[in-house]
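Report on the following structure.
The values are calculated or read from the model by the stated rules, or taken from the named source; none is laboratory data. Remember, it's a predicted structure, so these values are computed and weren't measured experimentally. For neighbour counting, all protein chains shown are included, and Cβ atoms are generated from backbone atoms with ideal geometry for every residue, glycine included.
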Amino acid sequence: MQCNNFQIITLAGKTVIQGSITFESNNGIILLGKEVTIEGQVLRDTIEKLVNFKK
């Protein structure tokens, strides 16, 4: 999803990302639920932890 030149990914539940996440726009935002695990690298973005996130 693109919004105002930002690329945003929302990850929730017990999601496990085993690869890297790279945003080509250099303006990426990853919104993480509290049980999400990222095992790869995160490049060119910001990670925000979600509090009280509900699907």
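Among the residues of segment 16-37, those identified as part of a loop (DSSP other than H, G, I, E, B) and within 11 Å of F6 (Cβ to Cβ) are F23, S25, N26, N27.
Here is a yes/no grid of residues against (1) surrounded by 11 or more Cβ atoms within 10 Å (Cβ to Cβ); (2) at pLDDT below 80:
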{"residue": "F6", "(1), (2)": "yes, no"}
{"residue": "K14", "(1), (2)": "no, no"}
{"residue": "I21", "(1), (2)": "yes, no"}
{"residue": "N27", "(1), (2)": "yes, no"}
{"residue": "G40", "(1), (2)": "yes, no"}
{"residue": "T46", "(1), (2)": "yes, yes"}
{"residue": "N52", "(1), (2)": "no, yes"}
{"residue": "K55", "(1), (2)": "no, yes"}
